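Reviewing the structure listed below.
The values are calculated or read from the model by the stated rules, or taken from the named source; none is laboratory data. The shown structure was predicted, so the numbers you read here are calculated from the model rather than taken from an experiment. Every residue, glycine as well, gets a Cβ built from its backbone with ideal geometry; the counts of neighbours run over all protein chains shown. When the accessible area is computed, the model is the full protein with side chains, heavy atoms only, and any ligands, DNA or RNA have been set aside. Shrake-Rupley method; radii C 1.70, N 1.55, O 1.52, S 1.80 Å.
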Amino acid sequence: REVKDPHGEHNAIANIAKVLYCRGAYPESLQENQRALAYYQHSGNIRNAGITLRSIALVEVELGLFAQGIDHATRALEIFTELSLHLDAAMALNCLGEAHYRLGDPLRADRFHQRAIAMSRRCGSTYEEARAHHRLGQIAMDRGQSQQAQYHLMAALDSYAALRAPAADEVRSRLGRLGIGPA
């Protein structure tokens, strides 16, 4: 604000929203994301609007506002597809998969995560591919499909471990529930 840079100001607001999300302050995160989104839409910054729509969707999923989250993630995916932003699209697909999973629709969740894997490979995002495998492993576990769960969880673990991502510990725990020792 001091240097009269509204774009920088709203980028900072969007980053504050991410910090609030990571801290579990979901209502506050939603409010800050909505402030950033209003600016991005008004200024015509389509890419940042898409990123913020996806961020809003993640918050809404945590708040149990699944229909709104799905709507916002779908709108974000449309923007990313139109702009050929494959990494952002993979992230939106994983968001949609998570939203449908949490809504209780594992079949639709599975389809979004499969698409996320394909998109992640297209753009070279090992992390987003691992995220998709991680959730697909959970879906398979829920269905009692232990071989499929093991396949997806091992794929997730290999990538997470190579990236030294903290999510590797959660995957190891899930594999332990399948009777598969530490990797």
* Structure fact -> For segment 1-73 the mean separation of alpha carbon contacts under 8 Å (6+ apart) over residue count, i.e. relative contact order in percent, is 25
* Asked: Against the longest principal axis of the chain, how steep is helix 126-142, in degrees 0 to 90 to the nearest 10, with axes from Cα atoms?
  -> 50
* Asked: Cα axis of helix 46-62 to longest principal axis of the chain: angle in degrees, 0 to 90, nearest 10?
  -> 50
* Which whole-number percent of Cα pairs in segment 137-183 have a distance greater than 16 Å? -> 27
* Most mobile of 32, 128, 98 per a Gaussian network model of the chain (Cα springs, under 10 Å)? -> 32
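For the chain, what mean projected area does the convex hull of the alpha carbons give, in nm²?
On the way: hull surface 43.7 nm².
Over all viewing directions, the chain projects a mean Cα-hull area of 10.9 nm².
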* Quick one: if you stick a label point 7 Å off each Cα along the C-beta vector at residue 158 and residue 28, how many nm between them? -> 4.2
* **Relative contact order computed over the chain (Cα-Cα under 8 Å; 6+ residues apart), in percent** => 11
* Going by accessible area, probe 1.4 Å, with all protein chains left in place, what is the ranking of 78, 9, 62, largest first? -> 78, 62, 9
* Degrees separating the helix 86-103 axis from the principal Cα axis of the chain, which is the longest one -> 70
